[in-house]
């Protein structure tokens with residue numbers, strides 16, 4: 001993953017280990033934003049990482065009916081899931 005410092009704020013110039021970090025996920029851009037945290041001092045920086053390559057598509061398959069059948073195909077199936085259009 002490529003972590004980039006957000007252009008809006010921050011003075012700590014390099015990536016570092018941290019704890020007590022606030023974060024938010026933007027579903028439209030598939031970016032996660034990390035705000036500050038503790039690394040031997042309180043940090044006031046903001047980082048952004050594009051997580052789309054690792055989180056997958058915005059939909060999910062939750063069930064397939066029938067759950068077993070012939071391998072050669074030519075069978076109707078029902079796919080159930082979240083966020084299908």
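In this simple spin-label approximation, residue 30 and residue 55 carry label points 7 Å from Cα along the Cα→Cβ vector, and these lie 0.9 nm apart. Sorted on the mean count of surrounding Cβ atoms within 10 Å across their residues, most packed first, peptides 63-76, 21-34 read 21-34, 63-76.
Read-outs throughout are calculated quantities, based only on the coordinates presented, and are distinct from any laboratory measurement. All values derive from a computational prediction rather than experimental measurement. All Cβ positions, glycine included, derive from the backbone under ideal geometry; neighbour counts span all protein chains shown.
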